[in-house]
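The values are calculated or read from the model by the stated rules, or taken from the named source; none is laboratory data. All of these numbers come straight from a predicted model, not from anything done at the bench. Virtual Cβ from ideal backbone geometry, glycine too; neighbours counted across all protein chains shown. These area figures cover heavy atoms from the full protein model, side chains too; ligands, DNA and RNA do not enter into them. Shrake-Rupley method; radii C 1.70, N 1.55, O 1.52, S 1.80 Å.
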Amino acid sequence: MAVRLKDLTKIEDKLVAGHGMCLGCGIPLIFKVILRATEDPIIAANATGCLEVCTTIYPRTAWNMNWIHSAFENAASTIAGVEAMYKSLKKKGQIPADKKIKFMAMGGDGGTYDIGLQALSGAVERGHNFVYVCYDNNVYANTGGQRSSATPLGASATTDPAGAKSAGKIQGRKDLTKIMAAHNIPYAAQASPARWLDLYNKAEKAFKADGPAFLNVMCICPTEWKYESSMGIRLAQMALDACVWPLYEVEKGKYKINFKPKEKKPVLEWLKPQGRFRHLFKEGNAWMLEAIQKDVDKEWDELLKMEAPASK
Amino acid sequence: MIRKKEAKKIVFQSEKEMPMMPMSLGSMLYNKTGAWRNIRPVVDLENCIQCGICWKFCPDMSIFIENEFPYVNYDYCKGCGICAEECPVKCIAMVEEEK
């Protein structure tokens with residue numbers, strides 16, 4: 001049965017109010033939905049990042065569940081160890097055989113795309129039963145907006161600032177979801193906070209998957225993307241309409257696109273409200289706009305081709 | 001729901017009272033983030049259609065649903081304005097905070 005929003009409102013929050021995240025931050029919106037997608041108790045490991053720093057200011061915590069802080073690079077290894085311990089205790093009979101616990105690791109794009117990638121790849125390859133959630137806000141927002149490998153083409157960040165001789169980042173972004181899907185894991189998906197039901201269903205599937213599952217969720221960031229905080233969800237929807245952030249899932253190697261816009265909008269609409277792309281609209285930077293549009297079109301067409309065999 | 005919960009103040013008299021390892025001793029509910037706010041959301045309950053969208057998009061968990069109607073917990077609302085922007089019937093207004 002499909003879940004209703006009203007039912008979700010009755011479940012108690014696992015991430016409570018009082019956390020110190022910026023106003024209009026997308027991270028709590030995401031975890032509000034994901035943490036409701038399973039009824040079993042959850043144990044989570046959290047890589048260093050915005051979520052970790054803002055929710056656990058010593059000596060307090062905003063988590064209403066078991067939560068472990070790990071270093072920047074090893075959230076996946078930490079939760080893999082916990083999961084191995086759980087299996088071992090179950091074998092010994094110290095944990096009842098019918099007791100189900102879900103394991104979850106979470107990290108930002110810095111802790112997942114760059115620093116935590118090898119730990120994540122290792123844990124996934126060993127086949128531990130856990131869900132990794134990456135909230136991707138395209139930048140190291142916690143430390144002041146340095147570029148990460150998730151930063152899109154043309155964006156200005158503090159370590160690749162736009163100026164007279166530069167038009168922002170010159171490299172494209174890494175496609176982590178496809179990298180994770182290439183590990184042949186049971187479930188990998190890309191989601192967005194603008195579509196809560198899609199996000200909920202994906203989280204539910206990820207928790208139910210027998211083996212490692214990976215969720216890559218786009219996260220709106222008013223501080224580093226530099227837009228009006230109230231426009232966050234609109235912006236997330238614009239990214240879907242412009243196919244900048246396609247929603248798709250890979251279930252046992254089969255690609256499925258979950259959202260196809262009726263009319264594909266130009267990427268300009270997504271770039272315009274954001275301060276980090278402001279320099280692209282100055283004279284002499286039009287080539288970069290064309291390059292971004294080309295890049296987005298190429299990725300979208302590739303994705304459509306990948307989906308085609310599955311639908312037949 | 002959330003409004004009834006309170007968190008205690010934590011005071012360490014000396015370093016001996018501190019735990020041996022970094023662990024949490026209380027809830028972040030003690031941190032009243034409502035002080036950050038410049039504009040406050042005011043819900044017009046007469047026009048509200050009880051869709052729950054404002055609850056879903058509140059990043060501060062400060063909108064709670066009671067008898068299917070949304071209420072704002074001003075202790076924690078930071079005033080981002082997402083609820084007012086996303087409300088399908090526009091029954092949430094952002095009002096300037098008075099000192």
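In chain B, the DSSP-assigned H stretches of four residues or longer account for a calculated mean residue ellipticity at 222 nm of -1500 deg cm²/dmol, using -39500 (n - 2.57) per stretch and the full residue count as denominator. For segment A:260-292 versus segment A:42-104, the spacing of their alpha-carbon centroids is 40 Å.
Taken per residue, the accessible surface of the protein assembly as shown reaches 48 Å², heavy atoms only and a 1.4 Å probe.
Measuring with a 1.4 angstrom probe and ignoring ligands and nucleic acids, residue A:175 comes out at about 40 Å² accessible.
The largest accessible area among A:128, A:69 belongs to the first residue in A:69, A:128, and the rest follow in falling order (1.4 Å probe, all chains).
Quantify how strongly other chains surround peptide A:47-59 by giving the mean number of their Cβ atoms within 10 Å of each of its Cβ atoms. Walk me through the numbers on the way to the answer.
Details: counts 0, 0, 0, 0, 0, 0, 0, 1, 2, 4, 4, 7, 9.
Counting Cβ atoms of other protein chains within 10 Å of each residue's Cβ and averaging gives 2.
Amide H contacts under 5 Å for residue A:214: A:132, A:187, A:188, A:189, restricted to partners 5 or more places along the chain or on a different chain, H placed in the peptide plane at 1.01 Å from N. Per-residue surface analysis assigns residue A:269 an accessible area of about 90 Å², computed on protein heavy atoms at 1.4 Å probe radius.
Please state the shape class of segment A:1-136: rounded when a/c is under 1.5, otherwise prolate if a/b exceeds b/c and oblate if not, all from the C-alpha gyration tensor. Oblate, because a/c is 1.5 or more while a/b does not exceed b/c. In this structure the amide hydrogen of residue A:173, modeled in the peptide plane, comes within under 5 Å of the amide hydrogens of A:153, none closer than 5 places in sequence on its chain. For segment A:26-124, applying the loop criterion from DSSP together with a ceiling of 15 other beta carbons within 10 Å to the GluC sites (Glu not before Pro) yields A:39.
Just for chain A, what percent of DSSP beta bridges are antiparallel, to the closest 5? Antiparallel bridges make up about 30 percent of those DSSP assigns within chain A.
Only four residue types carry charge here, +1 at the Cβ of Lys and Arg and -1 at the Cβ of Asp and Glu. Report the dipole size of the protein assembly as shown about the Cα centre in Debye, rounded to the nearest 20. If you can, show how the numbers build up before the last one.
Numbers: 55 positive and 47 negative charges, 133 e Å.
Charge dipole of the protein assembly as shown: 640 debye, to the nearest 20.
Considering only protein heavy atoms and a 1.4 Å probe, what is the carbon-and-sulfur percentage of the accessible area of the protein assembly as shown?
54
Taking label positions 7 Å along the Cα-Cβ direction at both residue A:97 and residue A:10, the computed distance is 3.4 nm, reported to one decimal. For the residues B:56, A:174, A:208, A:254, a 1.4 Å probe over the protein chains yields an accessible-area ranking, largest first, of A:208, A:254, A:174, B:56. In sequence order, segment A:81-94 has phi-based couplings of x, 5, 5, 5, 4, 4, 5, 5, 5, 5, 5, 6, x, 7 Hz under the Karplus curve 6.51 cos²θ - 1.76 cosθ + 1.60, θ = phi - 60°, and Gly or Pro positions carry x.
Taking every C-alpha pair closer than 8 Å and separated by at least 6 residues, the mean separation divided by the residue count of chain A gives a relative contact order of 16 percent.
The distance from the alpha carbon centre of segment A:162-222 to that of segment B:16-67 is 27 Å, rounded to a whole number. For the chain pair B and A, buried accessible area totals roughly 3400 Å², probe 1.4 Å, rounded to the nearest 100. Comparing A:165, A:294, A:32 in a Gaussian network model of chain A, where Cα atoms under 10 Å apart are tied by springs, the biggest mean-square fluctuation is seen for A:165. The phi torsions of segment B:31-37, fed into the Karplus equation with coefficients 6.51, -1.76 and 1.60 and a -60° offset, translate into couplings of 7, 7, 6, x, 5, 6, 6 Hz, rounded to whole numbers, with Gly and Pro shown as x. Mind checking the angle between helix A:196-208 and chain A's longest principal axis? C-alpha axes, 0 to 90 degrees, to the nearest 10. With both axes taken from Cα atoms, the answer is about 40 degrees.
Against chain A, whose longest principal axis is taken from its Cα atoms, helix A:232-241 shows a tilt of about 80°. Applying the Karplus relation 6.51 cos²θ - 1.76 cosθ + 1.60 with θ = phi - 60° to segment A:134-140 yields 3J(HN,Hα) values of 10, 9, 9, 9, 6, 6, 7 Hz, where x marks Gly and Pro.
Here the spin labels are modelled as points 7 Å beyond Cα on the Cα-Cβ line, and at residue A:65 and residue A:282 they lie 4.5 nm apart. Interface residues of segment A:221-252, defined as those with an accessible-area decrease of at least 10 Å² between the chain by itself and the complete set of protein chains (probe 1.4 Å), are A:229, A:230, A:231, A:233, A:234.
Taking chain A as a Gaussian network of alpha-carbon nodes connected by springs under 10 Å, the highest mean-square fluctuation of the residues A:16, A:124, A:33 belongs to A:16.
Measuring only protein heavy atoms, the 1.4 Å probe finds residue A:72 accessible over about 50 Å². Counting only alpha carbon atoms, the long axis of helix A:286-311 and the longest principal axis of chain A meet at about 40°.
How much length is gained if the chain between residue A:264 and residue A:40 is pulled fully straight, taking 0.36 nm per residue apart and subtracting their Cα-Cα distance, in nm to one decimal? Write out the running numbers ahead of the final one.
Values: separation 224, 0.36 × 224 = 80.64 nm, distance 3.95 nm.
Going from the current span to full extension adds 76.7 nm.
Proximity of backbone amide H atoms, modeled 1.01 Å from N, is registered between residue A:242 and A:265 at under 5 Å, excluding neighbours fewer than 5 places apart on the same chain.
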